[in-house]
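Worksheet: one structure, shown below.
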């Protein structure tokens, strides 16, 4: 997220999830507010989770062969501290973000 806080907006904040060529598995991405009530949604507010497939169908210009990416949005309904968790076949990563 580049160190910038998320904006509280119904339109969502653009985000690009990326997988390196070495990782060839799928991933599940989920999120929630961690300091009180509130929701985090993906894909313009339409999904409570994202599934990052082996073939995303997205090829970006100037991207080295083997890299996969999946553009999305993250929308939150209130200011606060949020986290999203990325579960892959061989790893779990949690990313904390602030929303203002």
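The values are calculated or read from the model by the stated rules, or taken from the named source; none is laboratory data. These figures come from a predicted structure and were not determined experimentally. As a convention, Cβ positions derive from the backbone with ideal geometry for all residues, glycine included, and neighbour counts pool all protein chains shown.
Structure values in brief
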{"read-out": "Selection from the range 12-44 of residues that are surrounded by fewer than 17 Cβ atoms within 10 Å (Cβ to Cβ) and within 15 Å of residue 75 (Cβ to Cβ)", "value": "14, 30, 32, 39, 43, 44"}
{"read-out": "Of the criteria (1) modelled with pLDDT of 90 or more; (2) part of a loop (DSSP other than H, G, I, E, B), which one residue 73 fails", "value": "(2)"}
{"read-out": "Count - residues of the range 45-60 that are modelled with pLDDT of 80 or more, part of a loop (DSSP other than H, G, I, E, B) and surrounded by 14 or more Cβ atoms within 10 Å (Cβ to Cβ)", "value": "1"}
{"read-out": "Residues within the range 8-36 that are modelled with pLDDT under 85, touching a strand residue (DSSP E or B) at 6+ places or on another chain (Cβ under 6 Å) and either part of a strand (DSSP E or B) or more than 25 Å from residue 56 (Cα to Cα) (or both), tallied", "value": "1"}
